[in-house]
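Take a look at the structure set out below.
Throughout, read-outs are computed from the coordinates displayed, never taken from laboratory work. All of these numbers come straight from a predicted model, not from anything done at the bench. For neighbour counting, all protein chains shown are included, and Cβ atoms are generated from backbone atoms with ideal geometry for every residue, glycine included.
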Amino acid sequence: MKSATAWTLALGLGLAALPAAADETADFYKGRTVTFTSAGGAGGGYGVYALLLSEHLGKHIPGNPNVIVTYMPGAGGVRAANHAYHVAPKDGTAILAPLQSLATLQLLGKKGLRYDAAKFNWIGRAVETTSGFLVWPEVAKDLDAFRSRGEETVVGVTQPGAPNHIMAALLPYCTGAKVRIVSGYKGSSAIANAYKKKEVDGMALPLDSVRLVHAELMKHTFVAQSGFERSPHFPDVPLLLDLCPDPEKRKIVEVFQTQEVMGRAYAAPPGTPAARVAALRRAFDATMKDPGFRAAAKKRKMELGPKEGAEMQKIVEAHIATESAVVARAKAAVGLK
């Protein structure tokens, strides 16, 4: 009888602690501001998704804090990631909206990187990202024309290792097409502007950015798209993987597709209290199911394909653990040392 009484008491105390923990989280967030730091600029795909999420997330976080977005583009997303890892508050009020390449850049050993992607607390992902490689119609009317073009296709990219560079480098690796890569553009918007001025012949750009920000480019020639599945908006554009029939080369291309799986993901800095990470994950999941959020996304023609934070954590950890021999071959394939 004594042990049963003790067990009942312990159970009661444990259950009582649950609302107490929730109350502590609500007390912390009440009257505070949660800040998204977008590694992409305002108006681009990363910024647009972070802004939409900020409009709805707060009501699902205990205490209903204010939620805002700041923008910190630069260094291919590394500037914002380094800031989130070392400078941003680690109390649950900071959320990073990184570029999709955050983990892949670490895998490739990018210089200047001062974070471990696996140590971020991944909150969730709003949607997978698919990029498209496009050229002016007068440059090539279709894939065959692009592949057999006698002269080099000049492609603008931000920097080596960025998703736009990876796709531009993998096209000749898979198809044998002649491509000359020009790096140094300050973000995808700068590349798009250069492309529209015909300073470059082609570029790789997230397809959601094409639809939402650069709709006038929809009639251009799309040579290939990234990822493991074709975008429903571009069903006739082949996957880059489909253009790489060689099994060994295909394995290398698959390494880089994790960037697309990352998509529009969000993370809290390492050191954020576990209870607040859990609260942010629950709030994110609830937001993804929120009818008001989903209606707003539909109105803005924004795709949704959410994944929970725990699943994103596993994806990042597995990506970072890719065998060194495979990484070496992948780097060689895209011209990285």
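Under the 0.36 nm per residue contour assumption, what length would be gained going from the current alpha-carbon distance of LYS301 and LYS337 to full extension?
Working: separation 36, 0.36 × 36 = 12.96 nm, distance 3.96 nm.
Extra length from LYS301 to LYS337 when fully extended: 9.0 nm.
To make sure I understand the rule: partners must be aspartates and glutamates, Cα under 18 Å from the Cα of LYS251, and not fewer than 8 residues away in the same chain. Which ones qualify? Result set, ordered by chain and number: GLU229, ASP242, GLU260, GLU323. Seen through its C-alpha gyration tensor, with square-root eigenvalues sorted a ≥ b ≥ c, the range 276-337 comes out oblate because a/c lies at 1.5 or above while a/b is not bigger than b/c.
May I ask you to sort THR221, THR129 by Cβ crowding, counting other Cβ atoms within 10 Å and putting the fewest first? It would help to have the intermediate numbers written out before the result.
Values: THR221 19, THR129 28.
Fewest-to-most Cβ neighbours within 10 Å comes out as THR221, THR129.
Using alpha carbons only, the radius of gyration of the range 72-112 set against its Kirkwood radius gives Rg/Rh = 0.97.
Taking a span of 30 Å or more along the helix axis (Cα atoms) and a mean Kyte-Doolittle hydropathy of at least 0.5 as the rule, the DSSP H helices of the chain that qualify are 2-29. Among the lysines, which have Cα under 17 Å from the Cα of LYS59 when same-chain residues fewer than 8 positions away are ignored? Result set, ordered by chain and number: LYS30, LYS289.
Cα-based count: Lys pairs in the range 78-193 below 23 Å, eight or more positions apart or different chains?
Values: LYS90/LYS119; LYS110/LYS119; LYS110/LYS186; LYS111/LYS119; LYS111/LYS186; LYS141/LYS178.
Lysine pairs meeting both conditions in the range 78-193 amount to 6.
Between GLU254 and ASP91, what FRET efficiency comes out of the Förster formula 1/(1 + (r/R0)^6) with R0 = 45 Å and r the beta carbon distance, rounded to 0.05?
E(calc), rounded to 0.05, equals 0.75.
Taking a ≥ b ≥ c as the square roots of the eigenvalues of the alpha carbon gyration tensor, the chain is prolate, as a/c is not under 1.5 and a/b beats b/c. Taking other C-beta atoms within 10 angstrom as a stand-in for reagent exposure, LYS59, LYS299 fall in the order LYS299, LYS59, fewest first.
Apply the a/c threshold of 1.5 to the C-alpha gyration tensor of the range 204-337 and tell me whether it is rounded, prolate or oblate.
Numbers: a/c = 2.58, a/b = 1.16, b/c = 2.22.
Cα axes put the range 204-337 in the oblate bin.
Distance between the 7 Å Cα→Cβ label points at TRP136 and THR33: 4.4 nm. The separation of the range 277-328 from the range 244-260, counted between C-alpha centres, amounts to 22 Å.
Antiparallel versus total DSSP beta bridges in the chain: what percent is that, nearest 5?
Numbers: 16 of 32 bridges.
Percent antiparallel among DSSP bridges in the chain is about 50.
Give the calculated FRET efficiency between GLU308 and ASP246 to the nearest 0.05, with a Förster radius of 30 Å applied to their Cβ-Cβ distance. After rounding to 0.05, the efficiency reads 0.25. Our estimate of slack between ASN66 and LYS178, defined as 0.36 nm per intervening residue step minus the Cα-Cα distance, is 35.3 nm. Put the Cα centre of the range 19-52 next to the Cα centre of the range 196-239 and the gap is 30 Å. Label-to-label distance, ARG230 versus GLU24, with points set 7 angstrom from Cα along the beta-carbon direction: 5.3 nm.
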